[in-house]
Amino acid sequence: MEFTVSQIALLLGGEIQGDGEKKISMLAKIQEAKNGEISFLSNPKYEPFIYETDASAVIVNKDFKSKKDLKTTLIKVDDPYSSFTILLEEYHKFISYQKTGIEEPSFIGNDCTVGESVYRGAFSYIGHNVKIGTNVKIYPHTYIGDNVEIGDNTILNANVKLYPHTKIGANCVFHSGVVIGSDGFGFAPQSDGTYKTIPQMGNVVIGNNVDIGANTVIDCATFHGDSTRVGDGVKLDNLVQIGHNVKIGKDTVIAAQTGVSGSTEIGTNCIIGGQVGVGGHIKIADNTGVGAQSGVSKSTKSGMKLWGTPAMDVIKYQRSYALFKNLPDLNFRLKQLEEKMLNLPTFRES
């Protein structure tokens, strides 16, 4: 795969300074780039590398003015970092969507609808009455249950499991080990101390442009006709657990090892750090931020920034922590004062 600098500049809406016919086949860091590769410069501390780099082209800010002679071609844009991100996205799409066709052995059930340019990897299983959009990529050992719907351009990496009745939007990426639609954690305690399994009859509905990291699990809703829902643009890291009947608003980001208990609603544009525990049956309002390793047990108001267990306002948490970390020293000083008080001489009236 090769593109000219001119083609890349056209994609980014950039201005070329140098040779626009140079061929580009790879992206790289500015300090490591070689001939035939493209890089970017957005942080001023990396500017010395632009005078030494072997990169064929470098994406820079429109205001960039070189202090020395350059041997690389420049593509000048408004925001080099964002432009390089766009280039990475396009490169990723190109290599991700190259595969087409059917590898054997694989299975597909009856009454399925499959779009054009679909890839089905070896040992993949597709159930009955499944709808698969255009340009979908299904990698080896992936399981797709009956009545599943998958939108255009979605990528299911190896060993993804979609339980029956799951609905997936367009332009999604699921990494290896993702499980969608497994049973929620529903068990009824009995008088004899045992637990009776509560059947989980609902499904999972996932919007467009959703990315889900490796080994993340999203449980189905409890009742037939109800859904666990993940909105458009949501990004879930590796090892995230989403419980039954949870609702996640669009463009929310959740980092690794976070667990969200059942029937909780998370709003739009929330940012939840790693190893956060979110209790059940609460509402996390829009634009809420939660720091890593926090425990959220109560509903929040829009725009709140929380940290700690139980989670509290981040400023209050930092003030509390400032006291907490000094407790050993404060305790020592208190004991010293007690000893001094006990050793004070006793005065009597004459």
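The values are calculated or read from the model by the stated rules, or taken from the named source; none is laboratory data. Source: prediction; values computed, not measured. In this analysis, Cβ positions are derived from the backbone assuming ideal geometry, glycine residues included, and neighbour counts consider all displayed protein chains.
Please state which one of Val130, Val148, Val205, Val179 is under 23 Å from Gly274 (Cα atoms), touching a strand residue (DSSP E or B) at 6+ places or on another chain (Cβ under 9 Å) and modelled with pLDDT of 95 or more.
After applying the criteria, what remains is Val179.
How do the strands (runs of 3 or more DSSP E) wholly within segment 125-216 filter down when requiring 3 or more residues that are free of Cβ contacts under 8 Å to residues at least 24 places away in the same chain and assigned by TED's automatic domain parsing to the domain that holds Val246: which remain?
Details: elements: 179-182, 187-189, 195-197, 203-206.
Answer list for segment 125-216: 187-189, 195-197.
Hey, does segment 224-241 have a residue that's aliphatic (A, V, I, L, M), buried (at least 19 other Cβ atoms within 10 Å of the Cβ) and not in a loop (DSSP other than H, G, I, E, B)?
yes
Considering (1) of a type outside the set (A, V, I, L, M, F, W, C); (2) out of contact with any strand residue (DSSP E or B) (no Cβ under 9 Å at 6 or more places or on another chain); (3) assigned by TED's automatic domain parsing to the domain that holds Thr222, say which one Thr258 fails and leave the rest.
The one condition Thr258 does not meet is (2).
Might you let me know whether segment 49-59 holds any residue that is surrounded by 13 or more Cβ atoms within 10 Å (Cβ to Cβ), within 28 Å of the chain's Cα centre (by Cα) and either at pLDDT 95 or above or under 17 Å from Asp79 (Cβ atoms) (or both)?
yes
Which pairs have Cβ atoms under 7 Å, sit 6 or more apart or on different chains, and link a residue in segment 91-109 that is farther than 30 Å from Ile24 by Cβ to one that is loosely packed, with under 15 Cβ neighbours inside 10 Å?
Glu103/Ala122; Glu104/Ala122; Pro105/Ala122; Ser106/Ala122; Gly109/His128
Conditions tested, residue by residue: (1) outside any helix (DSSP H, G or I); (2) crowded, with 19+ Cβ neighbours inside 10 Å; (3) of a type in the set (A, V, I, L, M).
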| site | (1), (2), (3) |
| --- | --- |
| His281 | yes, no, no |
| Gln318 | no, no, no |
| Leu323 | no, no, yes |
| Gln336 | no, no, no |
| Lys340 | no, no, no |
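So, in segment 140-187, of the ones that are among the hydrophobic types (A, V, I, L, M, F, W, C) and in contact with a Pro (Cβ under 7 Å, 6 or more places away or on another chain), which residue ends up farthest from Ser106 (Cα to Cα)?
Ranking the qualifying residues of segment 140-187, first place goes to Val148.
In segment 228-236, is there at least one residue being over 26 Å from Lys305 (Cα atoms), out of contact with any Ser or Thr (no Cβ under 6 Å at 6 or more places or on another chain), of a type outside the set (A, V, I, L, M, F, W, C) and assigned by TED's automatic domain parsing to the domain that holds Gly289?
No, the conditions are met nowhere in segment 228-236.
Going by what's in this entry, would Ser124 be described as hydroxyl-bearing (Ser, Thr, Tyr), modelled with pLDDT of 95 or more and touching a His at 6+ places or on another chain (Cβ under 8 Å)?
Yes, satisfied.
With among the polar types (S, T, N, Q) and farther than 27 Å from Lys93 by Cα as the only criterion, which of Asn203, Asn215 stands out?
So the residue among Asn203, Asn215 that is among the polar types (S, T, N, Q) and farther than 27 Å from Lys93 by Cα is Asn203.
Given the criteria surrounded by 14 or more Cβ atoms within 10 Å (Cβ to Cβ) and in the same structural domain as Glu15 (by TED's automatic domain parsing), does Ile86 qualify? Full working, then the answer.
Numbers: surrounded by 14 or more Cβ atoms within 10 Å (Cβ to Cβ): yes; in the same structural domain as Glu15 (by TED's automatic domain parsing): yes.
The answer is yes for Ile86.
Count, please, the residues in segment 118-147 that happen to be under 13 Å from Cys172 (Cβ atoms) and more than 22 Å from the chain's Cα centre (by Cα).
Qualifying residue count, segment 118-147: 3.
For segment 52-72, state whether one or more residues are more than 30 Å from Pro140 (Cβ to Cβ), of a type in the set (Phe, Trp, Tyr), free of Cβ contacts under 8 Å to residues at least 24 places away in the same chain and out of contact with any Asp or Glu (no Cβ under 8 Å at 6 or more places or on another chain).
yes
Counting only residues that are touching a residue at least 24 places away in the same chain (Cβ under 8 Å) and either surrounded by 22 or more Cβ atoms within 10 Å (Cβ to Cβ) or under 18 Å from the mean Cα position of the chain (by Cα) (or both), how many does segment 292-308 have?
Qualifying residue count for the region: 1.
Report the residue count in segment 244-270 for those that are part of a strand (DSSP E or B) and either modelled with pLDDT under 95 or surrounded by 22 or more Cβ atoms within 10 Å (Cβ to Cβ) (or both).
The qualifying residues number 4.
Just name the residue that is surrounded by the most Cβ atoms within 10 Å (Cβ to Cβ) out of those in segment 102-116 that are polar (S, T, N, Q) and in a loop (DSSP other than H, G, I, E, B). Spell out how you get there, then give the answer.
Of the residues in segment 102-116, the ones polar (S, T, N, Q) are 106, 110, 113.
Subsequent filtering for residues that are in a loop (DSSP other than H, G, I, E, B) retains 106, 110.
Working: Ser106: 16, Asn110: 9.
Among those that are polar (S, T, N, Q) and in a loop (DSSP other than H, G, I, E, B), it is Ser106.
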